[in-house]
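Novice: I'd like to ask some things about the structure below.
We did not get these values from a lab; they are worked out from the coordinates using the rules stated. All values reported here derive from a predicted model rather than from experimental measurement. Please note: Cβ atoms are built from the backbone with ideal geometry, for glycine as well, and neighbour counts cover all protein chains shown.
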Amino acid sequence: MSMGRYAASTDPEAGRDGDGSVLLRSPSGATARVSLHGGQVVSWKNDRGDELLFTSSKAIMKPPKAMRGGIPICFPQFGNCGTLERHGFARNRMWGLDEEHPALSRSDSGSRSFVDLILKPSEEDTKSWPHSFEFRLRISLTKDGDLSLVSRIRNVNGKPFSFSFAYHTYLSVSDISEVRIEGLETLDYLDNLSQRERHTEQGDAITFESEVDRVYVSSPNVIAVLDHEKKRTFVIRKDGLPDTVVWNPWEKKAKTMADFGDEEYKQTLCVDAAAAERPITLRPGEEWTGRLELSAVPSTNCSDHLDQPGIM
């Protein structure tokens with residue numbers, strides 16, 4: 001079982017309905033819980049025990065449905081742009097612990113608590129999406145409590161295939177009206193509320209007064225989500241994922257969602273690192289890597305993080 005040296009432990013009974021999960025713990029005291037159902041991060045807490053990801057109070061915690069919250073993995077389809085179920089099937093499958101992973105880098109084992117998961121297509125999956133793949137996912141906490149996800153998808157098929165992808169990240173915020181996003185100014189976006197019409201972002205920062213469902217294309221690799229009331233900033237770093245999806249259902253849509261509280265739209269914002277506008281194509285034997293790293297820092301310190309050019 002591939003585990004980092006810091007207190008990563010399997011806990012098969014930890015899920016609310018008995019589904020298996022893995023708990024990661026950093027030296028700083030931060031934790032992350034990963035469900036084997038969906039390969040989904042369902043909790044990420046800082047060293048003070050504050051929950052940084054949102055989970056709906058009405059979330060269905062039982063397979064085969066994905067839980068509303070945390071970080072569902074959208075693969076091999078994001079949204080409804082294809083023939084598969086919404087957001088693909090990876091978030092609805094049981095993942096295995098990856099026993100024979102190639103090391104991602106020498107530093108990982110010394111500075112992170114991590115778990116390696118693997119997903120291969122089932123017979124049911126190949127009926128709807130007839131391609132052979134290996135999806136390896138490493139979820140880790142740095143020693144300072146930053147959360148990272150690294151996905152590696154390999155084509156083990158005899159022919160090329162294409163897919164779209166997203167880390168569908170539900171951030172926990174104080175009040176959506178007090179939140180703004182920096183880093184997406186002046187970018188083009190596809191508006192899913194108006195048949196994916198293409199627009200250009202006009203604001204100095206993105207703020208929220210109504211439902212938003214947008215794909216910002218060719219977005220930078222570092223984006224900040226500032227929560228004024230909590231004086232906290234999420235710094236989102238991504239690599240291999242050209243787009244950023246921003247979503248909040250607002251009041252009217254929230255009331256139509258069975259697994260989402262009527263007023264919970266105020267406490268969450270989805271900012272997804274994604275490959276949504278153009279599919280990724282892999283030839284036989286090729287592998288794609290998509291990385292996400294999340295930091296939660298006091299807002300006064302966020303400029304230091306935004307100046308950093310690299311990720312992970």
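Novice: Give me the aspartates and glutamates in straight-line cross-link reach of residue 45: C-alpha distance below 12 Å, same-chain residues under 8 apart excluded.
Specialist: The reachable aspartates and glutamates, counting only those whose Cα sits under 12 Å from residue 45, are 144, 146.
Novice: While we're on this one: Of 195, 147, 88, whose Cα points farthest to the positive end of the dipole of the chain (charges on the beta-carbon: +1 Lys, Arg; -1 Asp, Glu; origin at the Cα centre)?
Specialist: 88
Novice: Read through the labelled values [x] 0.94; [y] 1.61; [z] 1.51 and report the label of the one computed as Cα Rg over 2.2 N^0.38 Å from the structure.
Specialist: So the calculated entry is the one marked [x].
Novice: What is the gain in length, in nm to one decimal, between residue 195 and residue 123 on full extension, counting 0.36 nm per residue of separation less the C-alpha to C-alpha distance?
Specialist: Working: separation 72, 0.36 × 72 = 25.92 nm, distance 3.37 nm.
Once the chain is fully extended between residue 195 and residue 123, it gains 22.6 nm.
Novice: Now, a different point. Charges at C-beta only: +1 for Lys and Arg, -1 for Asp and Glu. How large is the resulting dipole of the chain about its Cα centre, in Debye rounded to 20?
Specialist: 740 debye
Novice: Distance from a point 7 Å along Cα→Cβ of residue 185 to each backbone N in segment 196-215: keep the residues under 16 Å and list them by number.
Specialist: The answer is 200-208.
Novice: Moving on to the next point. Is the shape of segment 43-198 best called rounded, prolate or oblate, per the rule: a/c under 1.5 gives rounded, else a/b larger than b/c gives prolate, else oblate, with a ≥ b ≥ c the square roots of the Cα gyration tensor eigenvalues? If you can, show how the numbers build up before the last one.
Specialist: Working: a/c = 1.57, a/b = 1.09, b/c = 1.44.
In terms of gyration-tensor shape, oblate.
Novice: Further, regarding this structure: Picking from 35, 245, 292, whose Cα lies most toward the positive end of the charge dipole for the chain (charges on Cβ: Lys, Arg +1; Asp, Glu -1)?
Specialist: Farthest along the dipole direction, towards plus: 35.
Novice: Below 10 angstrom from the Cβ of residue 167, what's the summed charge of the other residues (Lys, Arg +1; Asp, Glu -1)? If you can, show how the numbers build up before the last one.
Specialist: Details: positive: 238, 291; negative: 272.
It works out to a net charge of +1.
Novice: Given the pairs 127/266; 143/255; 230/253; 120/266; 62/127, which span a C-alpha to C-alpha distance of over 31 angstrom in this model?
Specialist: Details: 127/266 39 Å; 143/255 40 Å; 230/253 26 Å; 120/266 37 Å; 62/127 24 Å.
Checking Cα-Cα distances, 127/266; 143/255; 120/266 exceed 31 Å.
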